[in-house]
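Inspection log for the structure reproduced underneath, given as structure tokens.
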Amino acid sequence: MLRPVFLFLALLPALAPATAANLQISPVSIQFRAGQGAAGINLQNYGDTPLYGQVRVYAWDQRNGEDVLTPAGDVVASPPVMEIAARSTQTIRLVRRNGAPAALEQTYRILIDEIPRNDAAGASTGVAIRLQYSVPVFALPADDKAAPRLDWTLLRKNGAWLLRVRNDGQLHAQIGATTLKGADGKERELSKGLLGYVLPGKVREWRVAVDAGVDLGAPGAALPIRANINAQPLDASATVARE
């Protein structure tokens, strides 16, 4: 099997279509409103030859500070196998089998694999994947005032600095450009663009790129941090800890 190349569409602006090679996908982030049972995603082939592939739906979780994907049973994609003619568009329909709103936002990822034509018939088995696209899907909670609630911790682990973010809110946090000011007064850029997501009720960790000998602050110190959260600026503080 060819090693897949992951193109995470969430790295792109939320309202702009995502393009790689000849395939354009829109929208690049999907939301189910509370009680909504179906949504669609458009795949447009700008090339002069047909595109073939498969569409799979995964429940998106976070464990031990990392993203975890498992096959979803409550959201299905139709059709699961795609054939997009040259200069044509195909719509993939996403259906929630249980559309009842939950207290916490439900999170998924749609993996769209572009595969060679000869492998299209056996897309559910091991196939050679040319490109793989990952599209986030969010089923909003019942509370229309739901929001992320973030707790920031900066800790040293195995000689490296980590930024740990816990989300105690009901809605995901998309963390964009992020800067941190250390105890030395120096402001450090942690991310120019998307740092990543913290799902509701979950914890996510990222390594902070600083030299091993740098001491950002003493345990218990509160360091200023500035980040874009769901495209809105936020000023907060990260508590320094040791592990």
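The values are calculated or read from the model by the stated rules, or taken from the named source; none is laboratory data. Everything quoted here is computed from the prediction, not taken from an experiment. All Cβ positions, glycine included, derive from the backbone under ideal geometry; neighbour counts span all protein chains shown.
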Checklist entry - Quick one: in the range 105-114, which of the residues that are acidic (Asp, Glu) and part of a strand (DSSP E or B) is farthest from SER29 (Cα to Cα)? => result GLU114
Next on the checklist: Whether any residue in the range 1-11 is in a loop (DSSP other than H, G, I, E, B) and at pLDDT 95 or above is what I want to check.
Outcome noted: no
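Report those strands (runs of 3 or more DSSP E) wholly inside the range 155-236 carrying at least 2 residues which are modelled with pLDDT of 95 or more and in contact with a Gly (Cβ under 9 Å, 6 or more places away or on another chain). Before the answer, list the steps.
Numbers: elements: 160-167, 173-181, 187-191, 196-198, 203-207, 222-229.
Answer list for the range 155-236: 160-167, 173-181, 203-207, 222-229.
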Next on the checklist: Considering only the range 117-129, I want to know if a residue exists there that is modelled with pLDDT of 95 or more and in contact with a Pro (Cβ under 7 Å, 6 or more places away or on another chain).
Outcome noted: no
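Out of the range 202-229, which residues are surrounded by 15 or more Cβ atoms within 10 Å (Cβ to Cβ) and of a type outside the set (A, V, I, L, M)?
Keep residues of the range 202-229 that are surrounded by 15 or more Cβ atoms within 10 Å (Cβ to Cβ), which gives 202-206, 208, 210, 216-217, 221, 223, 225-229.
If the condition is that a residue be surrounded by 15 or more Cβ atoms within 10 Å (Cβ to Cβ) and of a type outside the set (A, V, I, L, M), then LYS202, ARG204, GLU205, TRP206, GLY217, ARG226, ASN228 are the ones that fit.
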Checklist entry - In the range 201-226, what residues are under 30 Å from the mean Cα position of the chain (by Cα) and of a type in the set (Asp, Glu)? => result GLU205, ASP211
Checklist outcome for this item: Output for Cβ contacts, cut-off 6 Å, separation at least six or different chains, first residue closer than 14 Å to GLY185 by Cα in the range 222-238, second assigned to a loop (DSSP other than H, G, I, E, B) and not acidic (Asp, Glu), reads LEU223/GLY217
Checklist outcome for this item: Within the range 153-184, residues being over 16 Å from LEU104 (Cβ atoms), buried (at least 17 other Cβ atoms within 10 Å of the Cβ) and of a type in the set (Gly, Ala, Ser) number 2
